[in-house]
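Derivation of every value follows stated rules applied to the coordinates shown; laboratory data play no part. Given the structure is predicted, the values throughout are model-derived calculations rather than measurements. Here Cβ is always computed from backbone atoms with ideal geometry, including for glycine, and neighbour counts include all displayed protein chains.
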Amino acid sequence: MTAAWFARRCLLIVYTLLVVSLVVFGITQVLPADAAVTLLGENATPAALAAVRTQLGLNDPAWLQYLHWLGRLLRGDLGISMRTSQPVAETMFVALSRSLLLAILALVLMLIVAVPLGLAAALRRGRAADLVVGLISYLGVSLPEFVTATLLLLLLADWLGWLPATGYVPLTQDPLDCLRHLALPVLTVAVVLVAHVSRMVRSETIDVLHSDYIRAARLKGLPPHTVLLRHALRNALLPVVTIVALDVGYLLGGIIVVEEIFAIPGIGRQLIVAIQTRDLPAIQAGALIMAATYAIANFLADCVYAVLDRRIRYD
Amino acid sequence: MSPILEIVGYTLEYRTHGGTRRVLDDVALAIGAGEVLGLVGESGSGKSSLAWAITRHLPRNAREVAGSLRLDGADLRAMTAREIRSVRGRRIGMVFQDPASALNPTLTLGRQVTEVLELHRGLSPADARAAAIEALNHVGLHAPEALLARYPHEVSGGEKQRVVIAAAFASRPELIIFDEPTTALDVITGARILELFARLRAETKVAALYISHDLALVSRVADHVAVIHRGRIVEQDSGIDVFRAPREEYTQRLVAAVPRPERRLVDDAPRADILLAAEDIGVTYGRPRLFGRRQVAGNSGVSLQIHAGEILGVIGESGSGKSTLARALTGLVDFSGSVRDGTRRITKPKQMDRAYRDRVQIVFQHPDSSLNPRQRVHEILARPLRIARRQVSEIPRLLEQVRLPTAYASRYPHELSGGEKQRVAIARAFASRPALVICDEITAALDVSVQHAIMELLLELRRAQGTSYLFITHDLNLVRQIAHRLAVMRRGALVDLLPVEALSAHADPAALHPYTRELIAATPTPVG
Amino acid sequence: MIDLARRLLRTPQGLVGSALILLLAITCVLGPALAPLDPEAIDFLGRYAPPGSAHLLGADQLGRDVLSRLLVGARDTLPLALAATLLGTMSGALLGTLSAYLSGRWDEAIMRTIDAVMAVPGLLLALLVVATLGAGELNAALAIAIAFAPGMARITRSVALAARRMDYVNAAIARGEGGGWIVFREMLPNVAAPVVIETTIRVAFAVMLFATLSFLGLGAQPPASDWGLMIAEARPYLHQAPWVTIAPGAAIALTAIGFNLLGDGLRDAMNPRDER
């Protein structure tokens, strides 16, 4: 991993974040729909509309609006929420921390379950275990999060009563209770991720097991466990890093939905509330933070992958 | 003395959706200690399946119908999985075709050698390391200690193959199976590997099964040669006898198809007028990126002229730039310098107009990728005809010219064999009745008998239409049969440009570039 | 074509997938005719009725027949999801193929930008579009199309790049073919197959995404019987009448599974040479 490679990657992520900000800004403020009307509704008085337009700077040309917005952003000013009249930044970042806890728990759970599952399915390819895992993955990928969430809620909270249905308890207050409340959302999000990743691990492992170097290792007389652990595993798991990074995208989408259903006050919830109350600065801030998180996660994954795979010298 | 490997009456079948396919039929052969048996066959002959059968690495749908495989008397077929594991690597070693894919990309070269030593010779890690260094030294690798810590992608193809050979010989096996070990390597590198093998063989008295499609090479390497065709051993004899006096019809055809430089197939002389001239052609490769361009030199300053009616051979190893030259002359890459076509000077691909395109055509190496899989043969040929302002009704004639049945016009490429696809590609090139056809390694991916037929076809077309060829290949024997002049390329530069007679044994070797001399020495000429 | 259909039906995925999709198509077309009861008939006395003879799949919180609503709901859920996918795919595919053909700097610039746009996760992008344009099923469909386009562009580009490198494209260039011919007659037919497969699988995504948007109140609006909306409305009464949630949930799952299977079946059928 050379310095030039790293520098290029950093430039890339700056470019990415710039484009993301353009997309967010473009969609929310520059689309044909009149932002003022969207915010105040169709029946607002012309005077109120004009006031909002001036307040939001909607009378300036688009590029100027963008530059003003970007400038404020870089200074850390994410605007004032139209709903609460509080600075958006503070609310959003606190909410983000809660979502990150959810996300990290889901990712850890996913890795613990999906990787062994995928490996097992690959090793027992074509046999009963493989088909069962395949079926479950198919199902996992075919159910939207809100359906899974509702079903799990029904099963674990309603009928069995093992877990609380909704609500949030801060980690610092009571760790155990916090985990109990986060269990259902984490499980819901993890289902899709496990389905995805286990399928990928399975196909990667099958490819590796069919490769020439594994055949060469077997023909050297190495025992099966050595072939698997020393030769196959590393090659099969390397792509998992990339897959996990891509899944962070699904994760973020899932977070929005589960926070809504299970009433977790994370950044997804903030975003939905902002959309429902048409709080433009909050919408922009929430979207920006989520997208930036995804971009940074991918960037980190690239770096980890480059460290692990020595063949990545140049881009 | 009892043979190390003895195969008697061995028959193997594969069960597929389409039925049962007999891959090996009543195969019998024997190899004694210190002997080398060459197994020669074309693609689909079953030669690789025999290697898998011996090492007991058969696919799940394989059925061993009859016969026995014995390693120094021990019945391989009767062994349990554990016994087989102890035989593999320890008593039977294997060297594969492509060292790049036979080595694990995420393990160091050292690890892939020491693990064999630790496993089969019971050495401790420290002792294994020392033994590995010695083994690598022994196969001619420089700085073996540094090499232990390197990864496969950091060393060259020849070095990789030496590592694989070192690992195979390290446990002092009784039998080593070589499956086309030099096919993926350059001619010169391959020759060095064969020298290494000869030395090791003399030292260790190991029995060897050398599998290859190259009869010329095998006749030089092996004591005995067995020719295999569609699963049956057709002929078995000493290498020299198989070549000089083949008894069976198939063997005779195979021997006749092997290119022999002293057997000229072209006996006329080119005309004096110049058809096309390359003037100081240079090509740089580099992926254009948003931030600067990384330059890799493809070709530098190549100049040559092609006369009317001439066959100009271009020979070189991989990376020599011969294909790049072809791409420049057909406008597939940007180039510096110019191409002179008659009185016109062309400096950019865009300047190559209809007249040029009609005169200069190209046939590519890989039949699988040179025909559009979604187009029928009819479409593939109709378009060039229409562009050259000829009639679509000429398609049957074109197919006849390349000796394909006219019914093939309605077929898709995947319904044709490799040789048939190349014929279609040739027909396509000849649609505009070109003056020059550039052949870019067109037979490299084909079996030797198919290659022979394609070469005959090319020469016949030349006789009928007076076409010139720029014949690019890595096979020196092949090109010496047909070319009037030879251009030798190395690392993007033109190193030698000589009449073909300058390469014959009678000519003065001092007139040749040292690299050319090296190439000639490394090319296996058939024995006899 | 017929050849393709035959190959498709020979694989188990293709067979089951086709059957499911056929079932869905029939439901879409004949839905209202097949419904046993009026899907909008409110019956306060029959609220929360469990599955039984009167209501095969039970009744919801307003006494409406779940089965009837489900059958009619196919019309609200499927066609728009399909349209959204097609729109997103076509625009993405065009962009991707163009980028691959241009190669060099243009290709890299376009791709880096698309990567950056893809940094905004699908649901998020769709949410933003709907948040701005306003809730509604047409806007949701448009949002999905916009969210899908970059992904399809990426996939099309990599397939097109592989096709671009093939010697038959080089042969076309060597005989002086223009860009138009090369893109449309040489590359596109070879790009089409993987794109069709990917599109089929994306329809499954679109259905789920559409249902999610409706669930969040941003897609179809009441009193439509969109399946996502049905689940959203049933949420407060989950404990009393779980069947109101399970039935549409199963319907969504079956639809997604059907399209996934069909896509897998097509993948096997379109590569006749892979007789593994």
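Along its principal axes, what span do the Cα atoms of segment B:94-172 show, with the longest given first and each in whole Å?
Over segment B:94-172, Cα extents along the principal axes are 29, 25, 23 Å.
Please give the helix C:104-117 orientation as an angle from the longest Cα principal axis of chain C, in degrees from 0 to 90, rounded to the nearest 10.
Computed tilt is about 20 degrees.
Counting Lys and Arg as +1 and Asp and Glu as -1, what is the net charge of the other residues whose Cβ lies under 12 Å from the Cβ of residue B:235?
Computed value for this residue: -1.
Averaging sequence separations of C-alpha pairs under 8 Å and six or more residues apart, then dividing by the length of chain A, give the relative contact order as a whole percent.
The value is 27 percent.
Residue B:204 versus residue B:137, label points 7 Å from Cα toward the beta carbon: distance in nm?
1.8 nm
Quantify how strongly other chains surround peptide B:360-370 by giving the mean number of their Cβ atoms within 10 Å of each of its Cβ atoms.
Per-residue shielding by partner chains comes out at 4.
Explain nothing, just compute: Karplus ³J(HN,Hα) = 6.51 cos²θ - 1.76 cosθ + 1.60, θ = phi - 60°, for every residue of segment C:142-148 in order, whole Hz, x for Gly and Pro.
For segment C:142-148, the Karplus-derived couplings read 4, 4, 5, 4, 5, 5, 7 Hz, x marking Gly and Pro.
With N set to the residue count of the protein assembly as shown, report its C-alpha Rg divided by 2.2 N^0.38 Å to two decimal places.
Expressed relative to 2.2 N^0.38 Å, the Cα Rg reads 1.09.
For segment A:103-135, list residues with backbone N below 18 Å from a point placed 7 Å from the Cα of residue A:229 toward its Cβ?
Within reach of a label on residue A:229, which here means backbone N under 18 Å from a point 7 Å along Cα→Cβ, segment A:103-135 contributes A:116-117, A:119-120, A:123.
Under 16 Å from the Cα of residue B:205, which aspartates and glutamates turn up, not counting those fewer than eight places away in the same chain?
Within the straight-line limit of under 16 Å, residue B:205 reaches these aspartates and glutamates: B:35, B:72, B:174, B:195, B:223.
If you count the DSSP beta bridges with both ends in the protein assembly as shown, what percent of them are antiparallel, to the nearest 5?
Restricted to the protein assembly as shown, the bridges split so that about 55 percent are antiparallel.
Between their Cα atoms, which of B:350/B:421; B:160/B:322; B:160/B:350; B:47/B:421 are more than 32 Å away from each other?
Flagged as over cut-off: B:160/B:350.
Mind checking the mean number of beta-carbon atoms from other chains within 10 Å of the Cβ atoms in A:136-144?
Rounded to a whole number, the mean comes out at 6.
Please give the per residue volume of the convex hull enclosing the alpha carbon atoms of segment B:1-83, rounded to a whole number of Å³.
96 Å³
Label points 7 Å out from Cα along the Cβ direction at residue B:504 and residue B:100: separation in nm?
Simple spin-label model gives 3.9 nm for this pair.
How high is the relative contact order of chain C, given as a whole-number percent (alpha carbon pairs under 8 Å, six or more residues apart)?
Contact order relative to length: 27 percent.
How high is the relative contact order of segment C:28-67, in percent, with contacts defined as C-alpha pairs under 8 Å that are six or more residues apart?
Result for segment C:28-67 is 37 percent.
To the nearest 10 degrees, how steep is helix A:62-74 against the longest Cα principal axis of chain A, on a 0 to 90 scale?
Computed tilt is about 70 degrees.
So what is the calculated 222 nm ellipticity per residue for chain B, using -39500 (n - 2.57) for each DSSP H run with n of 4 or more, over all residues, to the nearest 500 deg cm²/dmol?
-10000 deg cm²/dmol
Could you give the nm distance between label points at residue A:155 and residue B:303, where each point is 7 Å from its Cα heading toward the beta carbon?
Those two pseudo-labels are separated by 7.9 nm.
State, in angstrom, two size descriptors of chain C derived from its alpha carbons: Rg to one decimal place and Dmax to the nearest whole number.
Rg and Dmax of chain C, Cα atoms, are 21.9, 78 Å.
Nearest-5 percent of antiparallel DSSP beta bridges in chain B?
Within chain B, antiparallel bridges account for around 55 percent of the total.
Does anyone have the angle between helix B:109-120 and the longest principal axis of chain B? Alpha-carbon axes, 0 to 90°, nearest 10?
It is inclined by approximately 30 degrees.
Between residue A:173 and residue C:158, what FRET efficiency comes out of the Förster formula 1/(1 + (r/R0)^6) with R0 = 41 Å and r the beta carbon distance, rounded to 0.05?
E(calc), rounded to 0.05, equals 0.25.
Give the whole-number value, in cubic angstrom per residue, of the convex hull volume spanned by the C-alpha atoms of segment A:114-160.
87 Å³
In peptide C:227-235, how many Cβ atoms from other protein chains are near each Cβ within 10 Å, on average?
Mean partner shielding for this stretch: 2.
At 222 nm, what helix-only mean residue ellipticity would chain A give, in deg cm²/dmol to the nearest 500, using -39500 (n - 2.57) for each DSSP H run of four or more?
Mean residue ellipticity, 222 nm, calculated: -24000 deg cm²/dmol.
Can you give the calculated 222 nm mean residue ellipticity of chain C, where each DSSP H run of n ≥ 4 adds -39,500 (n - 2.57) and the sum is split over every residue, rounded to the nearest 500 deg cm²/dmol?
-24000 deg cm²/dmol
Give the Kirkwood hydrodynamic radius (Å, one decimal) of chain A, defined as one over the mean of 1/r across all pairs of different Cα atoms.
22.4 Å
Please report, in whole Å, how far the alpha carbons of chain B spread along each principal axis, starting with the longest.
74, 54, 51
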